[in-house]
Amino acid sequence: MTQQVVNALTLGSVIALFALGYSMVYGILTILNFAHGEVFMIGAFMGYYVQKLFIVDNQLTANPILIIFLSLLVAMVVCGALAVTIEFVAYRPLRQAARLAPLISALAMSVLLRNIMGVITKFRVRPISTDLLLPQRWAVHIGETTIAASRYVIIGVTLISLVALELFMARTKAGKAMRACAQDREAASFMGISVNGIISLTFLVGAVMAGIGGIMTGLYYTQIDFSMGFSLGMKAFTAAVLGGIGNLRGAVLGSFILATAETLGSYYISFTYRDVIAFAILITILLFKPSGLLGKPIPVKV
Amino acid sequence: MRLDKRHISLLVFVVIAVVTFAAGCGGTTTTAAPGETGTTTGAAVTVKIAAQGPFTGDLSKIGLDALQAVQFAVEDFNKSGAMPGVTFAVEVGDDIADPATAATVAQKFVEDKAVVGVIGPMNSSTVLSALPVYEEADLAMITQSATNDKLAESGWTVFHRICPADAVQGPSIAKFVTEDLGVKKAFLIDDKSTYSVGITDSVEASLAERGVEMERQQIAATDKDFASVLTKVKEFGPDILFTTIPSPAQAAAIAKQAKSMGIDVTIMGSDGCNDPVDFIENAGGATEGAYATSLGPLVTDLPTAQDFLDRYIAKYGVTSAFTAQSYEATMLLLDAIKSVGVQDGKVDRKAVKEALGKIQYKGILDFPVSFLPNGNLATGGIFIIQAKGDRFVQVKGVTL
């Protein structure tokens, strides 16, 4: 049981880092940024490429903590830059277009990036050497429960990232501006906030989180492929909806609820019905709270 | 400036449209080595054989590896000049391992009168849905990898497979692990696919007969996180963990995650795991000592396959589980077509089917291939292989 709690916390962590980006962008632009999954996937591949530089003959040539740190840094920079570019190319020109146009553009961006990465990787999976980076001997044993190093690193890094994001949103001027834009874009621009700048910043912050998530997911799954952004993206998106899309704390809460439901459900009921259990919970919650757990009902504009 | 912005977005859409369109159009005809035989005078006949399999999607790796081998075989055959005046081409049909798509692809091949034989489909589920379409048109097919027993049980005349059925593989695996490894407790995993469920059922039934204590769980082919199911493995404490699933990469991930959770258990896959790159190299040592099966003898050890392997590796770098099987199946089909011959620029599909039923072929696999009336292989057992270092070594051949 405690082992499953650790599993649920780990899975919840990687989903949360992913779901935040969906929720942030939706909060400010009310569009679903499908390409976010691909940003996340490319983040995971940055981990693979950095790790490859430091592995010779299945041995590390540098301190593993340094390698992970460097992977995180590279993933954050690359994902951030990529997301800002995507916004500039695929969404900004369609800012005044009908609601469906950016949606199609997002889908196209997602398919495009996924296939480009597929061609680059020859559609094969790539290994992440978790056992070298976070060796088995670093595991912590609490009674019957083994907490592998990869588990507490993932949970720890996620906690730090979430606290940092919370502080950024609550305490900094830019964070305040982002919240203002999410509330009312027009009013924010009247107050002298550069809305376009803030939108770029939103994509940047979401992508940085996704970059961290990508590296963590690689460590957790031990292998990555070009389609991982899509499959995990379904879960992240579900988590964001469950928590109330647009609400950041909701996205995190939704992620952990979804992960717990999946993990415990598959353990106590059946592994076969894992997704069924998760989605049954989603539907039940949405029946009673259509705007998600922490979401605010959207007023009908007359 | 407004115009500029519109141009940019228009350009982006055009690029996206072109790329997605190109990505979607897998089905192209590749004419192998055209005009090399020098038979440019008169009407050179082009005869097509079709290759069906999952060339995109989750199982695209096994599909593309097989496709390469099919194309390689056709090139070899064209170059050999065995049928002067006839050029063979490969018609490619991607069924994304989806039964509904498989039937559509089969229909496309049936309607193309130049297609006289099919290599594939590769999954038991896709074979099952494509079979009625092929049967109606008398278009013979040889699958390299569909092992489900049911396929040979409905009296299909076009069905052939160059791999042993589950009814052979399951009991052979059970025999090996109980008699050679002394297994008493086993944990089985399948991925809900027809292939995986079929072989796992067969292993489970045979192990039950031998009194082995068992637990079984299902994963999904898209799963990447096995923490939950591995916790069950840990609690059960089996001697062996079966990963009888079609994706060697997924089996490697299970092995790696088991290792990272401190689970010490022997891992054994079926023929789906026979892939040195995905199962051994990508596992970074986690699958060292793990077992898998090979439906034919391990080609890397066969003198008859060395020439083929050298040339193939020079061209494509690596071989995988279905490389030799696909090559052999293609050569065998071409041999059958050759025995039928071309009349009025056409090859009779029914005659090809009948030729396949009577064929006695010995190629790179070094055992005589012939088919039973139900399409099953008349000869050949299965082979147990083990991951040692960066490759598989053959441990033993099992016959029932």
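Only the coordinates and a few stated rules stand behind these numbers; no lab work does. Computed from a predicted model, the values in this text were never measured in an experiment. In this analysis, Cβ positions are derived from the backbone assuming ideal geometry, glycine residues included, and neighbour counts consider all displayed protein chains.
Largest GNM mean-square fluctuation across B:PHE236, B:PHE383, B:PHE308, computed for chain B with C-alpha springs under 10 Å, falls on B:PHE236. Which of these, B:ASP301, B:ASP95, B:ASP278, has the largest mean-square fluctuation under a Gaussian network model of chain B (Cα springs below 10 Å)? Comparing B:ASP301, B:ASP95, B:ASP278 in the GNM, the peak value goes to B:ASP301.
For segment A:11-236, the alpha-carbon radius of gyration amounts to 1.06 times the rule-of-thumb value 2.2 N^0.38 Å expected for a compact globular protein.
Measure out, as a whole number of angstrom, how far apart the alpha-carbon centroids of segment A:108-152 and segment A:21-52 sit. If we compute the Cα centre of each part, the gap is 16 Å.
With the gyration tensor restricted to C-alpha atoms of segment A:171-302, the semi-axes of the equivalent ellipsoid amount to 32, 21, 11 Å, longest first.
Mean sequence separation of contacting Cα pairs (under 8 Å, at least six apart), scaled by the length of segment A:11-236, corresponds to a relative contact order of 44 percent. For segment B:310-369, the Stokes-Einstein estimate of translational diffusion at 4 °C and a viscosity of 1.567 mPa s comes to 100 µm²/s, using the Kirkwood hydrodynamic radius over alpha-carbon pairs.
Each of A:ILE65 and B:ASP310 was given a label point 7 Å from its Cα along the Cα-to-Cβ line. The distance between the two points is 5.3 nm.
B:LYS396 to B:ASP239: FRET efficiency via 1/(1 + (r/R0)^6), r the Cβ-Cβ distance, R0 22 Å, to the nearest 0.05? Walk me through the numbers on the way to the answer.
On the way: r = 18 Å, r/R0 = 0.84.
Plugging the Cβ-Cβ distance into 1/(1 + (r/R0)^6) gives 0.75.
Based only on the alpha carbon positions, what is the Kirkwood hydrodynamic radius of chain B, in angstrom? If you can, show how the numbers build up before the last one.
On the way: mean 1/r = 0.0454 Å⁻¹.
Result for chain B, one decimal place: 22.0 Å.
Each residue of segment A:41-55 was assigned a 3J(HN,Hα) from its phi angle through the Karplus expression (A = 6.51, B = -1.76, C = 1.60, θ = phi - 60°), giving 4, 5, x, 4, 5, 4, x, 5, 5, 5, 4, 4, 5, 10, 10 Hz with x at Gly and Pro.
With contributions of -39500 (n - 2.57) from each DSSP H run of at least four residues, the per-residue ellipticity at 222 nm computed over chain A stands at -24000 deg cm²/dmol.
The H on the amide N of B:ILE267, modeled in the peptide plane, is under 5 Å from the matching H of B:LEU241, B:TYR291, each at least 5 residues off or on a different chain. Note on B:LYS353: lysines with a C-alpha under 26 Å away, same-chain residues under 8 apart excluded, are B:LYS48, B:LYS79, B:LYS108, B:LYS113, B:LYS150, B:LYS338, B:LYS362. Here the simple spin-label model places points 7 Å from the Cα toward Cβ, and for A:LEU287 and A:ALA174 these points are separated by 4.4 nm. Amide H contacts for B:PHE371 (H built 1.01 Å from N in the peptide plane; partners 5 or more residues away or on another chain; cut-off under 5 Å): B:ILE359, B:ALA378. What the phi angles of segment B:261-273 give under the Karplus curve with 6.51, -1.76 and 1.60, with θ = phi - 60°, is a coupling list of 9, x, 8, 9, 8, 6, 10, 9, x, 9, 4, x, 8 Hz, glycine and proline written as x.
Quick one: check the C-alpha center-to-center distance for segment B:331-400 versus segment A:53-105, whole angstrom. Segment B:331-400 and segment A:53-105 have Cα centres separated by 48 Å. Amide H contacts for B:VAL47 (H built 1.01 Å from N in the peptide plane; partners 5 or more residues away or on another chain; cut-off under 5 Å): B:THR87, B:PHE88, B:ALA89. How far is helix B:349-358 tilted off the main Cα axis of chain B, in degrees rounded to 10, range 0 to 90? That works out to roughly 50 degrees.
What relative contact order, as a whole-number percentage, does segment A:208-302 give when Cα pairs under 8 Å and 6 or more residues apart are counted? Intermediate results must be reported in sequence, preceding the final value.
Details: 87 pairs, mean separation 23.7, N = 95.
Computed over segment A:208-302, the figure is 25 percent.
As an exercise, use a Förster radius of 56 Å and the Cβ-Cβ distance of B:GLU213 and B:ALA82 to find the FRET efficiency, rounded to the nearest 0.05.
Details: r = 55 Å, r/R0 = 0.98.
According to the calculation, E is roughly 0.55.
May I ask you to derive the relative contact order of segment B:192-255, considering only C-alpha pairs under 8 Å and at least 6 residues apart, and to give it as an integer percent?
Numbers: 23 pairs, mean separation 28.5, N = 64.
Over segment B:192-255, the number comes to 44 percent.
Reducing segment A:167-182 and segment B:205-242 to their Cα centroids gives an inter-centroid distance of 49 Å.
Scaled against 2.2 N^0.38 Å for its residue count N, the alpha carbon radius of gyration of segment A:239-278 is 1.23.
Here the average projected area of the convex hull drawn through the C-alpha atoms of the protein assembly as shown stands at 34.4 nm². For chain B, the longest principal axis of the alpha carbon atoms and the long axis of helix B:194-209 meet at an angle near 40°. For the residues A:ALA83, A:ALA97, A:ALA236, a GNM of chain A with alpha-carbon springs under 10 Å puts the largest fluctuation on A:ALA97.
Mean projection of the Cα convex hull over all viewing directions, computed for segment B:87-234: 10.7 nm². Sorting the Cα pairs of segment B:171-292 by distance into bins of 5 Å, from 0 upward, gives 2, 12, 25, 26, 22, 10, 2, 0 percent per bin.
Kindly put B:PHE279, B:PHE72 in sequence by how many other C-beta atoms sit within 10 Å of each C-beta, fewest to most.
Values: B:PHE279 29, B:PHE72 21.
By the 10 Å Cβ count, ascending, the order reads B:PHE72, B:PHE279.
For segment A:67-185, the orientation-averaged shadow of the C-alpha convex hull comes to 11.5 nm² (one quarter of the hull surface). With angles folded into 0 to 90 degrees, how steeply does helix B:99-111 sit against the dominant principal axis of chain B? Use alpha carbons for both and round to 10. The two axes meet at around 20 degrees. The HN-Hα couplings worked out from phi for segment B:64-70 by the Karplus form 6.51 cos²θ - 1.76 cosθ + 1.60 (θ = phi - 60°) are 5, 4, 5, 4, 4, 5, 5 Hz, whole numbers, x standing for Gly and Pro.
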